[in-house]
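Enquirer: Mind having a look at this structure? Questions to follow.
The values are calculated or read from the model by the stated rules, or taken from the named source; none is laboratory data. Keep in mind that this is a model prediction, so the values were computed, not measured. Counting neighbours? That spans all protein chains shown, and the Cβs are built from the backbone with ideal geometry, glycine included. Protein only, heavy atoms only, side chains kept; ligands, DNA and RNA dropped before computing areas. Shrake-Rupley method; radii C 1.70, N 1.55, O 1.52, S 1.80 Å.
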Amino acid sequence: MADAIEPIDLRSDTVTRPSPEMRRAMAEAPVGDDQYGEDPTVNRLQQRIAELLGKEAGLFVPSGTMANQIALKLLTRRGDEVILGKDAHMMWHEAGAGAANSGVQFTAIGHGGLFTAADFRAAVKPPGHIVLPPTGLVAIENTHNLGGGVVFPQADAVAVCAAAREAGIATYLDGARLFNAAAASGLSLAALAQPFDLVSVALSKGLGCPVGSVLAGDRVTIARAVRARRMFGGAMRQSGILAAAGLYALDHNVARLTEDHANARLIAQWLAGVSGLMLDLATVQSNIVIFRLEDQLPDAATIAAGAREAGVLVSALGPRTVRAVTHLDVTAEQCRVAADRLANIIEAR
Ligand code: TLP
């Protein structure tokens, strides 16, 4: 029987709730007015994340979307083209903000969120062209959300960024799930961030914090980001209460990310044998499982509604695309139960 009170929530890794220990760290955090640069907890978080990413400075912002929007604002000019992987978050899940805030247009290249330096070179517009939009920025998402949590191959990231630098094009890493990419690849955060001018990481996803992302880059760019954050309404005051959750998570919630990856794999393997369901096991490299429903099956919204009835929450990301995301608030056993219920629902149709 479905657990009607507390469903197994696999809609996103954003649904986690702060643990009692994290809440305690938040309640006890020393704070000050961050707009005077006087919040010691925010300062510590920014410095720690900048160090982890091998960058000069960091800036705490309220969300991953704001981090991305600040990056677009700082690294492009109105009318610029931004090249990114297919189905990038910046292109599809930020309510049109890139066009509205920074006046950019997006060109998606490659497959499944990944692309090579050759793909990138082929897409770059010749500088000074009187008709084509100037390519101002290339952005990589690692791991790639709609690509099913795939890790962007680091050799490709290095080659793309080198090609961009040669062409005078800025580089940005949407690392909302960079901690997952590090756990999955065995590479350090600093190695993953190294080729990029500007990088963001989220605290509110796999790390289990209630709020926040951190942008990191050189001192001059981060100083400009402080102003952009203010312009976007994201400058905060005693935000050490929120930053404390991030510091807590760095100490307690990073090493365990491999458990989420094992749980995603468990779900994917369970579902891979279900007929009518298309799931590429090769893409299940981190904490995301994406599968597509063949035409003879009901659509994603119907499957998600059926799953909800059975006490399992998943996201209908497209008409025939379903996503399940593992995180620190679901156990291996819950993932097994969820996969079994999902398989039963799909097989019963
Ligand atoms: N992604 C959310 C939804 O918006 C789709 C999710 O549930 O996965 N970059 C990437 C790669 C993301 O996946 C997200 C959030 C963001 C940026 C934006 O972060 P927030 O939600 O903090 O604005």
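Enquirer: What's the center-to-center distance, using Cα atoms, between segment 113-192 and segment 2-80 in Å?
Expert: Here the answer is 22 Å between Cα centres.
Enquirer: For segment 1-146, place one equal point scatterer on every Cα, skip the solvent, and apply the Debye formula. What is log10 of I(q)/I(0) at q = 0.11, 0.16 Å⁻¹?
Expert: -0.62, -1.04
Enquirer: Under the rule that an exposed site lies in a DSSP loop and has at most 12 other Cβ atoms within 10 Å, name the longest stretch of the chain with no GluC sites (Glu not before Pro) of that kind, not counting the sites themselves. Please list the in-between numbers first.
Expert: Details: sites that count: Glu28, Glu294.
Longest stretch, sites excluded: 29-293.
Enquirer: If you average the sequence gap of Cα pairs under 8 Å that are 6 or more apart and divide by the length of the chain, what percent do you get for the contact order? Working shown, then result.
Expert: Values: 750 pairs, mean separation 86.0, N = 349.
It rounds to 25 percent for the chain.
Enquirer: Rank Gly149, Gly217, Ala170 by how far each Cα sits towards the positive end of the charge dipole of segment 126-233 (+1 on Lys, Arg Cβ; -1 on Asp, Glu Cβ) and give me just the farthest.
Expert: Gly217
Enquirer: Still on this structure, please answer the following. Give the accessible surface of the chain per residue, rounded to a whole number of Å², with probe radius 1.4 Å and ligands, DNA and RNA excluded. Walk me through the intermediate numbers first.
Expert: On the way: 14640 Å² over 349 residues.
Heavy-atom SASA per residue in the chain reads 42 Å².
Enquirer: Counting pairs of alpha carbon atoms under 8 Å apart in space and at least six apart in sequence, what relative contact order in percent does segment 1-145 give?
Expert: Details: 156 pairs, mean separation 27.4, N = 145.
Relative contact order comes out at 19 percent.
Enquirer: Normalised radius of gyration for segment 256-347, please: alpha carbon Rg relative to 2.2 N^0.38 Å, two decimal places.
Expert: Details: Rg = 12.0 Å, N = 92, 2.2 N^0.38 = 12.3 Å.
Taking the Cα Rg and dividing by 2.2 N^0.38 Å, one obtains 0.97.
Enquirer: Comparing Pro18, Pro298, Pro62, which has the greatest mean-square fluctuation in the GNM of the chain with Cα pairs linked when under 10 Å apart?
Expert: Pro298
Enquirer: Would you kindly state how much longer the chain becomes between Glu38 and Ser275 on full extension, computed as 0.36 nm times their sequence separation minus their alpha carbon distance, in nm to one decimal? Working shown, then result.
Expert: Values: separation 237, 0.36 × 237 = 85.32 nm, distance 5.77 nm.
Extra length available between Glu38 and Ser275 comes to 79.5 nm.
Enquirer: Largest first and in whole Å, give the semi-axes of segment 219-265's equivalent ellipsoid, each being the square root of 5 times a Cα gyration tensor eigenvalue. If you can, show how the numbers build up before the last one.
Expert: On the way: eigenvalues 194, 41, 22 Å².
Its equivalent ellipsoid spans semi-axes of 31, 14, 11 Å.
Enquirer: Run the accessible area of segment 256-347 with a 1.4 Å probe and give the carbon-and-sulfur part as a rounded percent.
Expert: Numbers: 1850 of 3720 Å².
Its accessible area is 50 percent carbon and sulfur atoms.
Enquirer: How large, in percent, is the carbon and sulfur part of the accessible surface of segment 85-129 at a probe radius of 1.4 Å?
Expert: Details: 1360 of 2290 Å².
Within segment 85-129, the accessible surface is 60 percent carbon and sulfur.
Enquirer: Kirkwood hydrodynamic radius for segment 20-252: how many Å is it when counted over pairs of different Cα atoms? Intermediate results must be reported in sequence, preceding the final value.
Expert: Numbers: mean 1/r = 0.0565 Å⁻¹.
The answer is 17.7 Å.
Enquirer: Would you mind calculating the relative contact order of segment 256-347 from Cα pairs under 8 angstrom and at least 6 residues apart, reporting the percent as a whole number?
Expert: Working: 148 pairs, mean separation 31.5, N = 92.
Computed over segment 256-347, the figure is 34 percent.
Enquirer: Could you work out the helix-only [θ] at 222 nm for the chain, with each DSSP H run of four or more residues adding -39,500 (n - 2.57) and the total divided by the number of residues, to the nearest 500 deg cm²/dmol? Mind showing how you got there, number by number?
Expert: Numbers: 14 runs with 145 residues, N = 349.
Calculated at 222 nm, the ellipticity per residue is -12500 deg cm²/dmol.
Enquirer: Mind checking which of Asn43, Asn287, Asn263 has the largest fluctuation in a GNM of the chain, springs on alpha carbons under 10 Å?
Expert: Asn43
Enquirer: Another one. State, to one decimal in nm, how far the label point of Trp92 lies from the label point of Glu28, with both points 7 Å from Cα in the Cβ direction.
Expert: 4.3 nm
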